[in-house]
1. What's the number of the only condition in (1) touching a residue at least 40 places away in the same chain (Cβ under 8 Å); (2) loosely packed, with under 13 Cβ neighbours inside 10 Å; (3) assigned to a helix (DSSP H, G or I); (4) among the aliphatic types (A, V, I, L, M) that Leu52 fails to meet?
2. Out of Thr22, Thr40, I need the residue that is surrounded by fewer than 16 Cβ atoms within 10 Å (Cβ to Cβ) and free of Cβ contacts under 8 Å to residues at least 40 places away in the same chain. Which one?
3. Name, by its number, the condition in (1) out of contact with any strand residue (DSSP E or B) (no Cβ under 7 Å at 6 or more places or on another chain); (2) at pLDDT 80 or above; (3) not charged (D, E, K, R) that does not hold for Ser65.
4. When you look at Lys10, is it touching a helix residue (DSSP H, G or I) at 6+ places or on another chain (Cβ under 9 Å), in a helix (DSSP H, G or I) and at pLDDT 85 or above, yes or no?
5. Looking at segment 5-17, I want the residues that are in contact (Cβ under 8 Å) with a residue 12 or more places away in the chain and have a partner that is part of a loop (DSSP other than H, G, I, E, B) with Cβ atoms under 6 Å, at least 6 apart or on another chain. Which pairs are those?
Amino acid sequence: MSNFLSVNLKDFGKGLLLAVITAVLGVVYALLKDKGFDFTGADLQEILKVALIAFLGYITKNFLSNSEGQFGRADN
């Protein structure tokens, strides 16, 4: 883990992986639930939007956590 108010390359990679998995699963679920599996360009845009939101959420969480994973607490 990175120090409080910093993000390292490992955090970035984990965030990117989490973002892609979250977005793809979310959109695939919505596609199957609502209209069967009819994938369009608009669906790709939704995947990218959800991925970006998930990525920013993960990076923000890591940025505001210390090296022990405690949210909102500075390193000792």
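The values are calculated or read from the model by the stated rules, or taken from the named source; none is laboratory data. Bear in mind that the values here come from a model prediction, so they are computed numbers and not experimental data. In this analysis, Cβ positions are derived from the backbone assuming ideal geometry, glycine residues included, and neighbour counts consider all displayed protein chains.
1. (1)
2. Working: Thr22 fails: surrounded by fewer than 16 Cβ atoms within 10 Å (Cβ to Cβ).
On inspection, the qualifying residue turns out to be Thr40.
3. Among (1) out of contact with any strand residue (DSSP E or B) (no Cβ under 7 Å at 6 or more places or on another chain); (2) at pLDDT 80 or above; (3) not charged (D, E, K, R), Ser65 violates only (1).
4. Answer is no for this residue.
5. Filtered contacts from segment 5-17: Asp11/Ser2.
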